[in-house]
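Enquirer: Let me begin by handing over the structure; questions about it come next.
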Amino acid sequence: MSTTTIREIREIVREEPVMQPRILQALEAGPLTVPEIARAIGCPSDEVLLWVMGMRRYGKIREIKEPSRDGYFRYAAANWEVPA
């Protein structure tokens with residue numbers, strides 16, 4: 001099994017502090033799936049998944065319980081409120 005990918009995982013994780021504001025900005029309009037976030041910030045979905053999981057772990061974003069039609073879970077900024 002190869003220990004390298006197109007980009008090293010350490011390199012991707014190291015970029016998380018830089019990518020967090022971009023992800024939070026993309027989520028300002030409401031919850032998005034990982035592929036939608038990736039399109040919004042112009043980064044590969046596999047890298048966005050790592051950043052989203054880190055942000056989720058530390059309470060910066062949260063998972064919305066209902067998945068999208070495609071079966072992806074949506075994520076929202078931790079302070080995002082469900083519209084009435």
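No value in this document is a laboratory result; all are computed from the given coordinates. Treat the numbers as computed from the prediction; the structure is a model and nothing was measured. Here the Cβ is made from the backbone with ideal geometry for all residues, glycine too, and neighbour counts use every protein chain on show.
Enquirer: Place a point 7 Å from Cα of residue 39 in the direction of its Cβ. Which residues in the stretch 58-76 have their backbone N less than 19 Å from it?
Expert: Residues 64, 67-76 fall inside that zone.
Enquirer: If you don't mind, there's one more thing I want to ask. About the Cα centre of the stretch 9-77, what is the dipole size in debye to 20, counting +1 per Lys and Arg Cβ and -1 per Asp and Glu Cβ, all else neutral?
Expert: Here the size comes out at about 220 debye.
Enquirer: May I pose another question? Please list, in order along the stretch 36-50, the HN-Hα scalar couplings obtained from phi with the Karplus expression 6.51 cos²θ - 1.76 cosθ + 1.60 (θ = phi - 60°), rounded to whole Hz, x for Gly and Pro.
Expert: Running phi through 6.51 cos²θ - 1.76 cosθ + 1.60 with θ = phi - 60° gives 5, 4, 4, 5, 5, 9, x, 10, x, 4, 5, 6, 4, 4, 5 Hz.
Enquirer: Related question: If all Cα-Cα distances of the stretch 9-77 are sorted into 5 Å bins from 0 onward, what percent lands in each bin, rounded to whole numbers?
Expert: Pair shares across the bins are 3, 19, 33, 28, 13, 4, 0.
Enquirer: Something else about it: Which of the peptides 60-71, 44-55, 12-23 is most tightly packed, and how do the rest follow, judged by the mean count of other Cβ atoms within 10 Å per residue?
Expert: On the way: 60-71: 12.5, 44-55: 18.4, 12-23: 14.8.
Top of the packing list down: 44-55, 12-23, 60-71.
Enquirer: Given a Förster radius of 30 Å and the C-beta distance between residue 29 and residue 50 as r, what FRET efficiency does 1/(1 + (r/R0)^6) yield to the nearest 0.05?
Expert: Efficiency, rounded to the nearest 0.05: 0.85.
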